[in-house]
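Accompanying notes for the structure given below.
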Ligand code: AMP
């Protein structure tokens, strides 16, 4: 009998990985607490129309990635913002409290081609601040996202753009279409199709031929109306004042239609093609578009699988580092060995991880051992060095060798080595 397997793109999270998920969930919850965010949980199924009206008909998500039950008119949520907005409107949440700060975590569904970091069922941590229009709030939400990565000790970079508003985006869109029509034949087939339905998406196509063609395309950041320009300037100034670094990226266009003004993405260079670990932006017209009050909002969604992959890599690096020795003492001959035996003990008392071999092997064999224990440094002390009172200290990363003086007593030599190892940050 053939063994049954999980559906392609749907993955188990096994007990071996669960500690990473739990740490991420706890960290996201704690960071949200600091920002006064409250948790909300919405259903997995929503009316298809919700996603069509919010995400946009001409987006990849709605066009080809949704898990829809057509006869029932329902869809498994491909993202969380639309559902949260639906709940916000349905429960009249703005009446209870004019500013709503909400977060959620849960499974989303998109029929994409599965690969590392890209699944058909994946999880997002999603945060939304509904109500305020002030640019400081944009920076505050970005700061929340950055704090999560900082707390997890993950290195990500922040890309920032503004997509304008219904005043300045349509003329920009037109200008862009006119420019792209001139090179239409050279665009990839996806972009040719998008050219008139969703031309902004052409700007962030990853295909090299399209990238080259849009290199000198008009920039939304330079086409903002005075209000959007002021807003964007204030967002940047607030990020600067908070010490948050970002790259202005005029090619970064989010995949969902509802974004206005500030948009951002957190990216990593450690996951290959799936570089985006999270992203979001402002959606000032969305709630009204969905039949709710005219209130603004800003939110982001982080891809939890991708964050867990980064945490996994970090954990592996930590395990590898924990198994590394600070120094290997390669002694040749009985006198050098006797000396190194004492030196090893002193260094270990100072907290250093020291490896030594007593079986009188050749230097070549000992260098092999030094490699195996991943020593940061090797101290080579042969008969000649012993005579000249100068050992050789080899940096195993750079292969650089320097003399290390053996003048003075063993305690002093130990002190000298500790200093060098401290300086190289190997401890
Ligand atoms: P989006 O809702 O498309 O803005 O996506 C927000 C984040 O969710 C992305 O930056 C990814 O980290 C993550 N994400 C989106 N689609 C997938 C997917 N198919 N598999 C895994 N993670 C995803």
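Quick note: the coordinates plus some simple rules give every number you see, no bench work behind them. Just so you know, these numbers come straight off a predicted model, no measurement behind them. Positions of Cβ are backbone-derived with ideal geometry, glycine not excepted, and every protein chain shown enters the neighbour counts.
Could you work out the relative contact order of the chain, using alpha carbon pairs under 8 angstrom and six or more residues apart, expressed as a whole percent?
Numbers: 698 pairs, mean separation 61.0, N = 427.
Reported as a whole number, the value is 14 percent.
Over the alpha-carbon set of the chain, work out the extent along each principal axis and list the three values in angstrom, largest first.
87, 54, 50
Quick one: order 257, 126 by neighbouring beta-carbon count within 10 Å, fewest to most.
Fewest to most other Cβ atoms nearby, the residues stand as 257, 126.
Sort 218-230, 12-24 by packing, meaning the average of other beta carbons within 10 Å per residue, with the highest value first. Mind showing how you got there, number by number?
Values: 218-230: 16.5, 12-24: 12.4.
Highest-to-lowest ranking by the protection proxy: 218-230, 12-24.
State, as an integer percentage, the relative contact order of the stretch 352-427 based on alpha-carbon contacts under 8 Å between residues 6 or more apart.
Working: 63 pairs, mean separation 15.2, N = 76.
Reported relative contact order: 20 percent.
When a/c reaches 1.5 or more, the comparison of a/b and b/c decides; with that in mind, is the stretch 343-395 rounded, prolate or oblate per its Cα gyration tensor? Write down the numbers at each step before the final one.
On the way: a/c = 1.64, a/b = 1.14, b/c = 1.44.
It is oblate, given that a/c is not under 1.5 and a/b is not larger than b/c.
Which one of 375, 275, 26 has the biggest mean-square fluctuation once the chain is modelled by GNM with Cα springs under 10 Å?
Checking each option, the largest mean-square fluctuation is seen for 375.
Among 310, 154, 163, determine the one that fluctuates most according to a GNM of the chain built with springs between C-alpha atoms less than 10 Å apart.
Maximum fluctuation in the GNM of the chain, among the listed residues, is at 154.
Decide, for the stretch 67-157, between rounded, prolate and oblate: order the square roots of the alpha carbon gyration tensor eigenvalues as a ≥ b ≥ c, take rounded if a/c falls under 1.5, and otherwise choose prolate if a/b is larger than b/c, else oblate. Walk me through the numbers before you get to the answer.
Details: a/c = 2.96, a/b = 1.11, b/c = 2.66.
Oblate, because a/c is 1.5 or more while a/b does not exceed b/c.
On a 0 to 90 degree scale, rounded to 10, what angle separates helix 304-322 from the longest Cα axis of the chain?
Approximately 10 degrees, to the nearest 10.
For helix 226-241, report the angle its Cα long axis makes with the longest principal axis of the Cα atoms of the chain; keep it between 0 and 90° and round to the nearest 10°.
Taking Cα atoms only, the helix is inclined about 20 degrees.
Rounded if a/c is under 1.5, else prolate if a/b beats b/c, else oblate: with a ≥ b ≥ c from the C-alpha gyration tensor eigenvalues square-rooted, which is the stretch 1-107?
Working: a/c = 2.57, a/b = 1.12, b/c = 2.30.
It comes out oblate by the Cα gyration axes.
Name the residue, out of 254, 34, 348, whose mean-square fluctuation peaks in a Gaussian network model built on the chain with Cα pairs under 10 Å.
Sorting by GNM fluctuation, first place goes to 348.
Compute from the Cα atoms of the stretch 113-243 the Rg and the Dmax, the latter being the longest Cα-Cα distance, and quote both in angstrom.
Gyration radius and largest Cα-Cα distance of the stretch 113-243: 17.7, 47 Å.
Relative to the longest principal axis of the C-alpha atoms of the chain, give the angle of the C-alpha long axis of helix 410-423, reported between 0 and 90° and rounded to the nearest 10°.
20 degrees
Using the 10 angstrom Cβ neighbour count as an exposure proxy, how do 125, 251, 69 rank, fewest first? Mind dumping the intermediate values first?
Working: 125 25, 251 17, 69 11.
Placing the least packed residue first, the sequence is 69, 251, 125.
Convex hull over the Cα atoms of the stretch 235-374, averaged projected area in nm²? Mind dumping the intermediate values first?
Working: hull surface 57.8 nm².
Hull-based average projected area comes out at 14.5 nm².
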